[in-house]
Each structure stands twice: as structure tokens, then as C-alpha cells.
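Data first, discussion second: the structure below is written as C-alpha cells.
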Amino acid sequence: MIIWIASYPKSGNTWVRSIISSYFFSKTGDFDFSLLKNISLYPGPKYFKNVIDKPGDVSLFWEHSQKSIIQSQKKTFLKTHNALVALNNRSFTTAKTTLGAIYIIRDPRNILSSLKNHYGFKDYNETFEFMKNKKKYIWDIRKKNDYSGFQFLGSWSDHYKTWTKNRKFKTLLIKYEDLQKDCYSTSHKIIKFILTLDAQNIELDEKKLFRSIETTKFDVLKKKEIEKGFEESININDEKKPFFFLGPENIWQKKLPKEILSKVENEFKDDLNYFNY
């Protein structure tokens, strides 16, 4: 069965994947980028036999590919930015193939700076338009005419609601800010949730979890990217954009111009209040 690590882009998905992969796929809890291959991106070319040449048509194969995934492994972690929606009358996933999900939410005002850098947007207004677009989708721009990596986002607000209001399977909501404030307690909650889904009564290894946290701190990951590179970073106009960009230094109060801040807060007012942002 599948355990989803889901989020809107630039919300901390890679951080959570790093902690989970170092805990479950290493002997000591020590992290290395190679461990992330155990939690690959879905949808993606590796999960489909044919090239998908139209945006959205990947939805026609969601169910079949996920059934194939769970046949080969008892438990599979998958990363996704796809909203939990239906396209072409096909649901992204169901309780037939899904064991549970972890959804990471992040203050949209801080997402703005990270998105702007990651996708090379010309300004904050372009980034804001991306975040509020109810029909927005992304795909791997490195693979021309191949939409097997198509992921439907919708708006930032709609995205988190599709996952957090889901009642088909258990979903753990994690705030990125809680990982920053108290990484140990929040990571402990994540690992316990996964172990509970397994229903095997396995005790959490405190020492291993500590190593998983220590070796996935932002400055450690950023240094690894500088020294070894990181395949998930994107080339924009032949310029390699750093994946680990600002981290704890991404403080919207210092980064965002007043004009764009006002737009974001007006657009997502109810959401910001709901999460006490």
C-alpha cells in the first residue's frame, strides 16, 4: 500500500522525505541524497509504459499504475504535489491503493519567495498569480512532449483542502513551521504515524530518529547540494537554481514588498486565520 508525502510545491516535502528516508532506509539514521530514491515522485515516467503527450491524460492511468506499485511492494512511500482531485472522472488515489498520507502545510507568504527562486519567475506578482490559479498544473519541463510527470495543483488554498478534508484514508497534517520550531517532536509524530499505519507495534528508535534529524538539517542539506549537486534542482535559462535556497532565512516580513504582501493576505485571509499564520 502507498503512503503519500504530499504538499504544495516548496512547502517542505523534501525535508520530510529526507527525515523519513534516513529513518526507514538506513541502518543508523544518517542521511544521504541517494536515500531519496526510496521515495520517488509520482506521477513520473517510471510508472507508465507509454509517453503521455497531453496534459491531464496521465489521470487515465493513475489507478492501474498504483495497483501495479502495491503488487510489487507491501509498503511504498511516494512524494506528490498533485492535489487530491479527480480528472477525467478518475480519482488521483483511493483507499484501495492508499494506506495513508502525510500532508505538509506552509505559510504561503514564505512559499512565495521559494517558488520565485525555484521556477525563475520574473517577480512576485507572477509568482502570486501562479499560487492563486485554480487551474494550475506543473510537469517536468526537461522532458518535452511528455506529460507523464503532470501534476494538477489548483490554487494553494484549494490544494491543501483537497488533502486535509479527505476522509477516504488517514491523513496527518504537519506544519512546516512546527518542524522549524521543534523538529524532534514533529518528526516523532510523523514516524509514529507511519508505524501506526503499519499496525505492527514496532517501537520507535529514538537514537535513530535523532540521527535522522541531525543529518537532515537545512545547513547540512545545503552544503551537500553545493558539494555534490542535487538532481531535483531545476535549470532555468541554463542557470542551475539552488534547491536549498533560504531555509530558516526565508522570513516573509523581511522579504516581501508591501504591495504583494497585501495581495497575498487578502487572497488567503481565511486560510491564514485558520492556521494561525
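Using 0.36 nm per residue and subtracting the Cα-Cα separation, the extra length available between LYS165 and VAL85 on full extension is 27.6 nm. Running Debye on the chain with equal point scatterers at the Cα sites and no solvent, what base-10 log of I(q)/I(0) appears at q = 0.07, 0.08, 0.10 Å⁻¹? For the chain, the Cα-only Debye profile gives -0.24, -0.32, -0.51. Between TYR103, LEU256, THR93, the Cα set farthest toward the positive side of the dipole of the chain (charges on each charged residue's Cβ, about the Cα centre) is that of THR93.
Would you work out the charge dipole size for the chain about its Cα centre, treating the Cβ of every Lys and Arg as +1 and the Cβ of every Asp and Glu as -1, and quote it to the nearest 20 debye? Provide the component values of the computation, followed by the final result.
Values: 48 positive and 33 negative charges, 111 e Å.
Computed about the Cα centre, the dipole is about 540 debye.
Protection proxy ranking for 128-140, 107-119, using the average of other Cβ atoms within 10 Å per residue and placing the highest first: 107-119, 128-140.
Using the Cα centre as the reference, give the magnitude of the dipole from point charges on the C-beta atoms of the stretch 4-87 (Lys, Arg: +1; Asp, Glu: -1; all else neutral), rounded to the nearest 20 debye.
Around 160 debye, computed over the stretch 4-87.
Over the chain, what relative contact order in percent results from Cα pairs under 8 Å that are six or more residues apart? Once normalised by length, the contact order is 25 percent.
In order along the stretch 34-41, the Karplus-derived 3J(HN,Hα) couplings, from 6.51 cos²θ - 1.76 cosθ + 1.60 at θ = phi - 60°, round to 4, 5, 5, 5, 6, 10, 7, 7 Hz, and Gly and Pro are given as x. Mark the label point 7 Å from the Cα of LYS96 along Cα→Cβ and return the residues of the stretch 154-172 whose backbone N is within less than 17 Å of it. The answer is 168-169, whose backbone nitrogens lie closer than 17 Å to the label point.
Does the stretch 66-207 come out rounded, prolate or oblate, given a ≥ b ≥ c as the square roots of the eigenvalues of its C-alpha gyration tensor, rounded meaning a/c under 1.5 and, failing that, prolate meaning a/b above b/c? Verdict is oblate for the stretch 66-207.
Net charge dipole, the stretch 52-168: roughly 400 debye, given to the nearest 20, about the Cα centre with Cβ charges of +1 for Lys and Arg and -1 for Asp and Glu. Rolling a 1.4 angstrom probe over the protein heavy atoms with all chains in place gives the stretch 1-157 an accessible area of 42 Å² per residue.
The values are calculated or read from the model by the stated rules, or taken from the named source; none is laboratory data. Keep in mind that what you see is a predicted model, and the values were worked out from it rather than measured. Reconstructed Cβ throughout: ideal geometry from the backbone, glycine too, with neighbour counts over all protein chains shown. Surface areas here come from the heavy atoms of the whole protein model, side chains and all, with no ligands, DNA or RNA. Shrake-Rupley method; radii C 1.70, N 1.55, O 1.52, S 1.80 Å.
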